[in-house]
1. Taking the criterion of being in contact (Cβ under 8 Å) with a residue 24 or more places away in the chain, of a type in the set (S, T, N, Q) and under 16 Å from B:Gly163 (Cβ atoms), would at least one residue in the range B:275-285 satisfy it?
2. Considering only the range B:229-246, state which residues are over 18 Å from the mean Cα position of the chain (by Cα) and facing another protein chain (nearest Cβ under 7 Å).
3. Collect the residues in the range B:161-197 that are more than 14 Å from every other protein chain (Cβ to nearest Cβ) and in contact with a helix residue (DSSP H, G or I) (Cβ under 6 Å, 6 or more places away or on another chain), keeping them in residue-number order.
4. For the range B:245-261, give me the residue count where each residue is buried (at least 16 other Cβ atoms within 10 Å of the Cβ) and touching a strand residue (DSSP E or B) at 6+ places or on another chain (Cβ under 9 Å).
5. Among B:Ile226, B:Ile271, which is the only one that is in contact with a Pro (Cβ under 8 Å, 6 or more places away or on another chain), at pLDDT 95 or above and more than 8 Å from every other protein chain (Cβ to nearest Cβ)?
6. Test of understanding: among A:Pro199, A:Pro256, which residue is touching a residue at least 40 places away in the same chain (Cβ under 8 Å) and over 20 Å from the mean Cα position of the chain (by Cα)?
7. Out of curiosity, is A:Leu237 among the aliphatic types (A, V, I, L, M) and either within 30 Å of A:Asp98 (Cα to Cα) or touching a Cys at 6+ places or on another chain (Cβ under 9 Å) (or both)?
8. Answer yes or no: is there a residue in the range B:266-279 that is hydrophobic (A, V, I, L, M, F, W, C) and either out of contact with any strand residue (DSSP E or B) (no Cβ under 9 Å at 6 or more places or on another chain) or over 24 Å from B:Val99 (Cβ atoms) (or both).
There are 2 protein chains.
Amino acid sequence: MKIGLDIMGGDYAPAEAIKGVRLFLEQSHDSNVHLVLIGNKDAAKPFMSELEPFQGRFTLVDAPEIIGMHEHPTKALKEKPNSSISMGFGMLLKGKVDVFMSAGNTGAMLVGSMYSVKAIEGVLRPTIASPIPRLDGKFNLLLDVGINADCKPEHLVQFAQLGSLYSKHVLGMENPRVALLNIGEEEGKGNLLAQSTYPLLKECQGINFVGNAEGRDVFTNKAEVIVCEGFAGNVMLKMAESLYDILAIQKGFKDPFLEDFNFEKYGGTPILGINAPVIIGHGISHALAFQNMIKVAEKIVSSNLTDLIKEQFKQQVDTPTEAANN
Amino acid sequence: MKIGLDIMGGDYAPAEAIKGVRLFLEQSHDSNVHLVLIGNKDAAKPFMSELEPFQGRFTLVDAPEIIGMHEHPTKALKEKPNSSISMGFGMLLKGKVDVFMSAGNTGAMLVGSMYSVKAIEGVLRPTIASPIPRLDGKFNLLLDVGINADCKPEHLVQFAQLGSLYSKHVLGMENPRVALLNIGEEEGKGNLLAQSTYPLLKECQGINFVGNAEGRDVFTNKAEVIVCEGFAGNVMLKMAESLYDILAIQKGFKDPFLEDFNFEKYGGTPILGINAPVIIGHGISHALAFQNMIKVAEKIVSSNLTDLIKEQFKQQVDTPTEAANN
């Protein structure tokens with residue numbers, strides 16, 4: 001498999017991106033995994049000696065242009081065809097890489113995902129998901145965490161399907177339980193969206209729906225997949241991240257559960273429901289985040305997640321269900 | 001002032017309620033503050049010796065009936081006129097107490113607030129607010145935290161007004177800054193509700209609007225009042241409470257910031273925008289929570305918060321603004 005990584009993306013690129021590649025290659029001995037590093041050759045040069053011992057396991061593809069973190073996404077992608085992000089999407093579309101990821105301009109990554117890679121047929125809204133640590137050391141999945149701020153019930157049903165596939169095939173959860181994020185335990189509770197979504201989730205085939213999850217349940221083993229619209233998901237995620245920052249970084253508390261809040265442990269946020277795997281990294285990624293982002297990419301590709309999603313939604317398009325066609 | 005407390009409310013009542021009263025009376029020496037304890041005399045009897053040293057500073061009012069934690073609110077209030085909650089609201093309406101609070105059946109407390117005490121003229125939706133600890137030891141105010149799951153922009157504007165008055169007069173914040181909870185920093189970001197609310201908050205007179213606050217900002221000193229609909233507010237609050245439970249209670253981390261997440265420190269949730277002060281306590285309140293709930297009640301009454309709210313909304317009714325009449 002060919003894993004495409006933008007080594008120019010993120011505040012500490014290319015140095016930390018290349019260090020992350022080294023960490024990955026040191027640990028992984030699978031000769032089937034070939035890394036395609038996309039970035040400005042001159043900028044990368046001072047750091048490439050890091051990869052000296054791993055010749056043959058990676059290719060450096062020169063992308064002379066650079067998209068800055070704050071450039072206008074659509075404009076930048078159009079005007080800089082030789083940037084690492086533009087070239088990465090180009091290679092992904094041509095099958096020259098099996099997955100593409102970047103910790104660079106998030107907007108450009110989203111635009112490329114939505115308008116170049118595009119949604120899988122039947123998927124109404126691609127979504128982004130975040131692992132949420134839980135006390136037993138495993139990870140739940142919360143989605144959507146920010147790109148779908150206003151949702152209809154049928155979107156949340158699809159998030160449940162997409163999240164279930166991801167939880168099972170990438171996070172390794174068997175028969176993952178799905179819960180609806182809500183502000184009460186019983187059916188009928190919540191806002192209009194939650195009230196309308198609950199019965200659809202109950203009827204939805206192929207997911208293991210277990211009812212509502214409240215804010216206090218996200219870190220427990222009540223459900224492996226927790227679905228919500230992107231507004232609530234995003235404020236919860238950012239609040240959790242800020243508590244990690246305060247307690248673990250600023251105050252120095254040491255604890256395995258708390259440490260799992262460190263996004264660098266899982267590296268990046270997958271976009272689910274598009275025609276090829278894309279992972280968006282955090283702008284402040286260090287080597288550990290890049291290493292783990294590559295690991296996640298490897299899992300996504302080896303699990304054939306995208307094909308599994310296509311298969312599931314193809315069935316829905318062929319056999320329309322209420323949820324998918326409302 | 002007369003502070004009405006349901007001593008039968010909560011999982012550990014009446015023992016912990018009465019202990020909380022003792023803690024309060026030990027600390028407070030203001031002879032103007034008289035506690036009106038409402039509850040079943042027989043149930044209270046074994047614990048009343050706790051209050052022996054404070055004769056004259058409290059009155060026990062017998063309320064022979066008891067509303068259980070899980071009874072149907074409307075039905076229970078109607079069928080048990082001699083319960084502590086029914087009698088508490090009755091005394092509040094007749095002016096026999098200046099504030100009423102209970103850690104008992106939350107539904108009954110809400111029904112009594114909405115249908116007996118009722119919304120202040122001009123207030124579209126009474127709201128519940130929660131103090132949120134911040135790093136400097138002060139408290140921000142998040143509202144709504146759960147009774148208004150679906151909101152319109154004009155509701156959020158009123159929450160901003162109600163929250164500002166509470167923050168200033170009860171939490172002691174000078175010229176409290178108001179922020180809109182959102183999933184981006186700039187105007188125009190967010191879901192449809194946030195996008196429509198932002199310009200109204202900008203135009204709203206008498207509040208100190210400073211823009212958007214993201215999930216990561218709630219514990220900082222970016223804004224003292226953070227407004228949102230009750231769905232997001234509730235999931236954030238419950239998530240924060242669960243982290244306190246995990247980190248401070250289960251794992252035993254000691255830290256002043258973390259300790260401020262303990263709801264017992266502020267005791268209860270005020271209902272803002274109704275014609276007399278009501279505070280709802282947590283079902284699992286212990287003595288500390290009752291003590292602090294009484295302290296908050298004392299502040300609410302001595303600050304004349306309800307009159308200040310009435311005054312502000314009277315002006316709005318007299319001089320209709322766009323926000324109040326949409």
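The values are calculated or read from the model by the stated rules, or taken from the named source; none is laboratory data. What you see is a predicted model, and the numbers here were worked out from it, not measured in a lab. Glycine also receives a Cβ, built like all others from the backbone with ideal geometry; neighbour counts cover every protein chain displayed.
1. no
2. If the condition is that a residue be over 18 Å from the mean Cα position of the chain (by Cα) and facing another protein chain (nearest Cβ under 7 Å), then B:Met239, B:Ser242, B:Leu243, B:Ile246 are the ones that fit.
3. Those that are more than 14 Å from every other protein chain (Cβ to nearest Cβ) and in contact with a helix residue (DSSP H, G or I) (Cβ under 6 Å, 6 or more places away or on another chain): B:Leu165, B:His169, B:Val170, B:Met173, B:Pro176, B:Val178, B:Glu187.
4. The number of residues fulfilling the criteria is 4.
5. Of B:Ile226, B:Ile271, the one residue that is in contact with a Pro (Cβ under 8 Å, 6 or more places away or on another chain), at pLDDT 95 or above and more than 8 Å from every other protein chain (Cβ to nearest Cβ) is B:Ile271.
6. A:Pro256
7. yes
8. no
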